[in-house]
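Step one of this worksheet: look at the structure below.
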Amino acid sequence: MRHQTLDQLHAVAKVHRDPTPPRMDRTQRLERWSKLLERQPSRLLTALIGTEYRSSPEREIMRGEGSPISVAFEDPILRDEGLKDDTYGEAKRFFELTDDQLHEIVCYCHVGETMQSSWAALSVRDAID
């Protein structure tokens with residue numbers, strides 16, 4: 001095998017840099033989110049209050065410091081995949097969830113003001129099916 005520089009290879013062949021890795025599909029994004037939540041199963045997370053009672057525009061901008069959504073946003077891989085912030089609306093868009101599915105993951109009516117990260121992980125996994 002003969003070693004050549006990149007410039008030498010350009011003279012005899014089309015050289016392509018490593019292609020962009022395939023984007024994660026919905027299931028892969030949700031699985032990654034659940035794994036992030038499972039890393040610290042006892043971590044207490046903040047629930048969002050009353051998602052089902054808010055108007056759609058209000059729900060879109062809801063967020064909570066230390067929420068299950070913020071755990072996803074802390075991940076550089078999910079941000080590289082396109083997660084723009086830690087709001088309810090962005091999580092709904094990015095993870096391709098319905099309001100009912102996201103409500104099950106983040107709303108306080110199921111768990112109170114805080115939840116263990118392991119509980120949120122189970123709810124994310126339920127949304128995969």
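Just so it is clear, none of the values below were taken in a lab; they were calculated from the coordinates. Computed from a prediction, not measured in an experiment: that's the story for all the values here. Glycine also receives a Cβ, built like all others from the backbone with ideal geometry; neighbour counts cover every protein chain displayed.
A few remarks follow.
- Local net charge near Gln28, Cβ-Cβ under 12 Å (Lys/Arg +1, Asp/Glu -1): +1
- For the stretch 35-109: rounded, prolate or oblate by the Cα gyration tensor [a/c cutoff 1.5]: oblate
- Label-to-label distance, nm, for residues given as Ser42 and Asp126 (7 Å Cα→Cβ offset): 2.4 nm
- If the segment from Ala11 to Glu74 were pulled out straight at 0.36 nm per residue, it would be longer than the present Cα-Cα gap by 18.3 nm.
- Ascending count of other beta-carbon atoms within 10 Å, so fewest first, for Val12, Val106, Val71, Val111: Val12, Val111, Val71, Val106
- Label selected from (1) 20, 18, 14; (2) 24, 18, 14; (3) 40, 16, 12, the criterion being semi-axes √(5λ) of the Cα gyration tensor in Å as computed here: (3)
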